[in-house]
Amino acid sequence: MPQVVCYPPDVLPALDPVALEAARAARTKVVEVLVPPREARAFEVPAGRFFRIVSVEGPQVGDLNLHHAHDLTERFFSGKTRALHGTHLSTGDRMWSTLPHLRSLATVTDDTLDWYGYDADGGGVHDVIGTRCDPYTQHLLGGDHYHHCCHSNLTRALAEHAGRPERDVELLVHDVLNVFMCTGFTLDTHQYFMKASPVRPGDHLEFVADVDLVGVLSACPGGDCGDEHSSDVAACHPLLVEVFDGPPPEGWTPSERSAYEWPA
Ligand SMILES: [Zn+2]
């Protein structure tokens, strides 16, 4: 039987590369946030502005959460993004928000790891198929209490940003974009696998914010995620978040909440 793509995204508008380049030329970097290894930090990006996640010092994977700045409960919807754009994101793909909003929170505008594509094992970079390393699964499988999983780091950083207790904001932490991580499903058993990330210092993933954003980025305790995660064993490095000021790309418009209406 023929395969039918469930959600062909071809009808969605694309950003013009010439407009993107012109906007890059007119922008100024205004904020740098250095995310320490095995920690997370929050940052804000106004709608229409660029931000980048940059590899510095050594190969490192980042777990990214995005929230609408004016309603933290509207957050990145990994599952629907996967259904629309595939298992791994790259230039032109969007990070969609949870129902009932379902709007683009950010658009990927540049990816220096585009060249990787998909390898012979089916592995690719920047996945939306994993969740985030978390202490509950670690305890389930390992019996230990590790406190610097990405879930824990994201919770602490969001709590600090929002000025609320960690227990309050933990339910707002959500499945991530695994920035720079190289992952796939094994060809025989279809299990989630990881392998050492090809990211090197100087590589970046760039976005335009489509709404006012709060981002939270964790420098995963797995480092390049070539061996183990959820421990202090792997070599870990910081990640740099850069936020730019300047005019939005020509043709860019703020992302609107879904216009779907329930029956009266
Ligand atoms: Zn992690």
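Bear in mind these aren't lab numbers, they're just calculated from the coordinates by the rules spelled out. Keep in mind the model is a prediction, meaning the values are calculated, not measured. Cβ sites come from the backbone with ideal geometry, for glycine too, and all protein chains shown count toward neighbours.
What 222 nm value per residue comes from the helices of the chain, counting each DSSP H run with n ≥ 4 as -39,500 (n - 2.57) and dividing by all residues, nearest 500 deg cm²/dmol?
After summing the helix terms and dividing by residue count, I get -4500 deg cm²/dmol.
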Starting at the first residue of segment 224-237, write each ³J(HN,Hα) from the Karplus equation 6.51 cos²θ - 1.76 cosθ + 1.60 with θ = phi - 60°, in whole Hz, x for Gly and Pro.
-> 7, 6, x, 9, 10, 10, 6, 6, 9, 7, 5, 5, 10, 9
Amide H to amide H under 5 Å from Val31: which residues, 5+ apart in sequence or cross-chain, H placed 1.01 Å off N in plane?
-> Val243
Within segment 87-131, find all residues whose amide N lies under 13 Å from a label point positioned 7 Å from the Cα of Lys195 along Cα-to-beta-carbon.
-> 116-125
Rounded to the nearest 0.05, what FRET efficiency do Arg164 and Val56 have when you use their Cβ-Cβ distance and R0 = 25 Å?
-> 0.25
Quick one: which residues, 5 or more positions from Leu177 or on another chain, have an amide H under 5 Å from its amide H? H modelled 1.01 Å from N in the peptide plane, none for Pro or chain starts.
-> Leu64
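Which order do the peptides 24-37, 52-65 take when ranked by the mean count of other beta-carbon atoms within 10 Å per residue, highest first? Please report the intermediate quantities before stating the final value.
Values: 24-37: 14.0, 52-65: 22.8.
Those peptides, ordered most packed to least, come out 52-65, 24-37.
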For segment 259-264, Karplus-derived ³J(HN,Hα) couplings (6.51, -1.76, 1.60; θ = phi - 60°; whole Hz; x for glycine and proline) come out as 8, 4, 10, 5, x, 5
Two-site label geometry, Thr137 and Leu171: point separation in nm, points 7 Å out along Cα→Cβ | 2.2
The chain, Gaussian network, Cα under 10 Å: of Gly202, Gly226, Gly48, the residue fluctuating most is Gly202
Simple spin-label model, 7 Å along Cα-to-Cβ: Ala83 to Ala26 in nm?
-> 3.7
Compactness of the chain, expressed as Rg and Dmax over alpha-carbon positions, Å = 17.9, 57
